[in-house]
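J.: Handing you this structure, nothing more for now.
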Amino acid sequence: MKTYEGLFILDTGGKEDVSKELLDKLEKSIQHAGGRVDKVQRMGMRPFSRDTRKRTSGFYLNLVFDAPPTAITELDAKLHLEPEVFRWHFSIMPPEPPPRKPRKIPTTGVVEK
């Protein structure tokens with residue numbers, strides 16, 4: 001399983017917050033595709049840089065989840081049918097880098113007393 005980050009722009013119909021039912025619906029869609037949601041980040045209502053389909057803003061939601069690679073195509077097909085989800089983007093989270101070893105301080109070879 002890979003770790004993905006999904007950014008969703010939701011059409012909340014002018015409300016300032018996303019409903020619990022819509023969030024549960026997105027999480028169930030990910031679970032149905034074989035994934036598991038790890039982290040939910042509500043980014044709030046943000047204006048668009050230009051008006052799109054007579055919309056001026058959307059509610060941004062970021063989900064970090066683990067899923068098999070085939071889940072992305074299944075989610076993409078399912079999200080096309082959801083009228084509340086305006087846009088979405090999935091990206092693969094890079095693995096955590098290994099911890100860095102502390103730098104060795106070069107010695108001059110002179111012993112101090």
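J.: What tally of residues in segment 30-84 results from selecting those that are touching a Ser or Thr at 6+ places or on another chain (Cβ under 7 Å) and over 20 Å from Val18 (Cβ atoms)?
T.: 1
J.: List the pairs whose first member sits in segment 53-67 and is touching a residue at least 60 places away in the same chain (Cβ under 8 Å), whose second member is hydroxyl-bearing (Ser, Thr, Tyr) and open to solvent by less than 20 Å² (accessible area, probe 1.4 Å), and whose Cβ atoms are under 8 Å apart, counting only residues at least 6 apart or on separate chains?
T.: Val64/Tyr4; Phe65/Tyr4; Asp66/Tyr4; Ala67/Tyr4
J.: When segment 4-44 is examined, which residues are found to be more than 22 Å from Ser91 (Cβ to Cβ), of a type outside the set (Gly, Ala, Ser) and at pLDDT below 90?
T.: Applying the first criterion (more than 22 Å from Ser91 (Cβ to Cβ)) to segment 4-44 yields 12-17, 19-21, 24.
Okay, now just the ones that are also of a type outside the set (Gly, Ala, Ser), so 12, 15-17, 20-21, 24.
Once the filter is applied, which keeps residues that are more than 22 Å from Ser91 (Cβ to Cβ), of a type outside the set (Gly, Ala, Ser) and at pLDDT below 90, segment 4-44 yields Thr12, Lys15, Glu16, Asp17, Lys20, Glu21.
J.: From the list Pro95, Pro106, Pro47, which one is at pLDDT below 85 and under 14 Å from Glu5 (Cβ atoms)?
T.: Numbers: Pro106 fails: under 14 Å from Glu5 (Cβ atoms); Pro47 fails: under 14 Å from Glu5 (Cβ atoms).
Criteria check complete, one pass: Pro95.
J.: Looking at Glu74, Glu82 in this structure, which one is part of a loop (DSSP other than H, G, I, E, B), surrounded by 10 or more Cβ atoms within 10 Å (Cβ to Cβ) and free of Cβ contacts under 8 Å to residues at least 60 places away in the same chain?
T.: On the way: Glu74 fails: part of a loop (DSSP other than H, G, I, E, B).
One residue alone meets the criteria, Glu82.
J.: Another question, then. How many residues does segment 6-53 hold that are of a type in the set (Asp, Glu) and open to solvent by 60 Å² or more (accessible area, probe 1.4 Å)?
T.: Step one: list which residues in segment 6-53 are of a type in the set (Asp, Glu), which gives 11, 16-17, 21, 24, 27, 38, 51.
Keeping just the survivors that are open to solvent by 60 Å² or more (accessible area, probe 1.4 Å) gives 16-17, 21, 38, 51.
The number of residues fulfilling the criteria is 5.
Per-residue answers, yes or no, for (1) farther than 23 Å from Asp38 by Cβ; (2) not acidic (Asp, Glu):
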residue	(1), (2)
Leu61	no, yes
Pro68	no, yes
Glu82	no, no
His89	no, yes
Ile92	no, yes
Pro97	no, yes
Arg100	yes, yes
Pro106	yes, yes
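J.: Now, a different point. Given the structure, is Phe90 surrounded by 12 or more Cβ atoms within 10 Å (Cβ to Cβ), touching a helix residue (DSSP H, G or I) at 6+ places or on another chain (Cβ under 7 Å) and part of a strand (DSSP E or B)? Give the derivation first.
T.: Numbers: surrounded by 12 or more Cβ atoms within 10 Å (Cβ to Cβ): yes; touching a helix residue (DSSP H, G or I) at 6+ places or on another chain (Cβ under 7 Å): yes; part of a strand (DSSP E or B): yes.
Judged against the criteria, Phe90 is a match.
The values are calculated or read from the model by the stated rules, or taken from the named source; none is laboratory data. Note that the coordinates shown come from a computational prediction; the quantities given were computed from them, not determined experimentally. So basically every Cβ, Gly included, is an ideal-geometry build from the backbone, and we count neighbours across all protein chains shown. Each accessible area value is taken on the protein alone, full model and side chains, heavy atoms only, with ligands, DNA and RNA left out. Shrake-Rupley method; radii C 1.70, N 1.55, O 1.52, S 1.80 Å.
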